[in-house]
1. Given (1) modelled with pLDDT of 85 or more; (2) not in a loop (DSSP other than H, G, I, E, B), identify the lone condition not met by residue 119.
2. Is it the case that residue 100 is under 26 Å from residue 213 (Cβ atoms), assigned by TED's automatic domain parsing to the domain that holds residue 73, surrounded by 16 or more Cβ atoms within 10 Å (Cβ to Cβ) and modelled with pLDDT of 85 or more?
3. Tell me, which helices (runs of 4 or more DSSP H) wholly within the range 1-74 include 2 or more residues that are surrounded by fewer than 19 Cβ atoms within 10 Å (Cβ to Cβ) and modelled with pLDDT of 95 or more?
C-alpha cells in the first residue's frame with residue numbers, strides 16, 4: 001500500500017508524462033486536436049515539460065544561433081528578452097537582435113512610449129521588480145527603468161561572462177543577481193538557463209544548478225504535504241530528480257504509460273533519457289497549477305485554443 005506522499009509523487013510523474021504526451025502527439029505524430037482526454041490539460045495552457053520546447057525559449061534561442069554573434073551580445077539579448085519575456089516586444093519593438101555597442105535608450109524609449117497600451121510589452125508569466133533602477137528619471141515607468149539598466153550593463157558584459165566561466169554553476173546565480181539590477185533570484189535563474197543554450201557563454205547546462213521558484217516550491221509543499229523551507233525544497237526537488245527512472249518504470253508497469261516513447265529525442269539534452277534538474281523544477285510549477293485546477297480552484301490561466 002502506497003503512502004499518501006508516494007501517491008502524490010506518482011501523480012506528479014504521471015502529470016509530466018501526460019503533458020509530454022500532448023507535445024509528442026501534436027508535433028511528432030502530427031495528430032489533430034484534441035491530444036488528451038484530460039479536461040484540465042485540454043482546456044488550459046501549460047508550459048512544456050522541456051523548457052527548450054516552449055515558444056518563448058525558442059524565440060531567444062533563434063537569435064543565439066545566428067552566426068557571428070559575440071558571447072557579450074548573446075548575454076545582452078538574453079537579459080533584455082527575459083525582462084520583457086514577450087516575443088512581440090523583442091521581434092517588433094526591438095526589431096530582433098540587439099547590438100549592445102549601438103544601443104540607444106532614447107530611440108527605444110520613444111518607440112515604447114508610442115504604444116497605446118504599454119502594459120502589453122510585458123508577459124504575465126512572472127513579475128519583474130518594480131523598484132526603479134534610476135529613481136531620478138521616470139521611476140514609475142518600468143520599461144524605461146529596464147532600458148536604463150540595459151544601457152548601463154553594456155560595458156560590463158565581458159566581465160560578467162568571465163566571472164560566470166571562472167566559478168561553479170551554482171555560483172552563477174549569485175553572479176547574475178549581483179550584476180544585473182532588478183533581476184532577483186528567479187529571473188537570474190532564467191537568464192542563466194538561457195546562457196547555457198548559447199554554447200559559448202558558460203561551460204555547463206541546466207542540469208548543473210538549481211533555483212526553486214515560488215511556483216515549484218508550492219508544488220513541492222503539495223506533494224510532501226508540509227511547508228518546506230528553502231533548503232528542504234531544494235533537497236526535495238533533487239530527490240524527485242533522482243527518482244525518475246524508478247517512477248517512470250512504475251508508471252509503465254502499472255498504467256502502460258511509456259516515458260521512453262514520448263520523451264524528447266534530443267541527443268545532447270542533459271540527463272537524457274530523463275529530465276534535467278531544471279525541467280523537474282519547472283514541471284513542479286506546472287503541476288501546482290494543474291493540481292489547483294483539478295481541485296476546482298480558480299487560476300488565472302489562458303485557455304488553450306487549437
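The values are calculated or read from the model by the stated rules, or taken from the named source; none is laboratory data. Just so we're clear, the structure is a prediction, and the values are computed from it rather than from any experiment. Cβ coordinates were reconstructed from backbone atoms using ideal geometry, including for glycine residues, and neighbour counts include every protein chain displayed.
1. Only one criterion is unmet by residue 119, namely (1).
2. no
3. In the range 1-74, the matching helices (runs of 4 or more DSSP H) lie at 4-23, 39-43.
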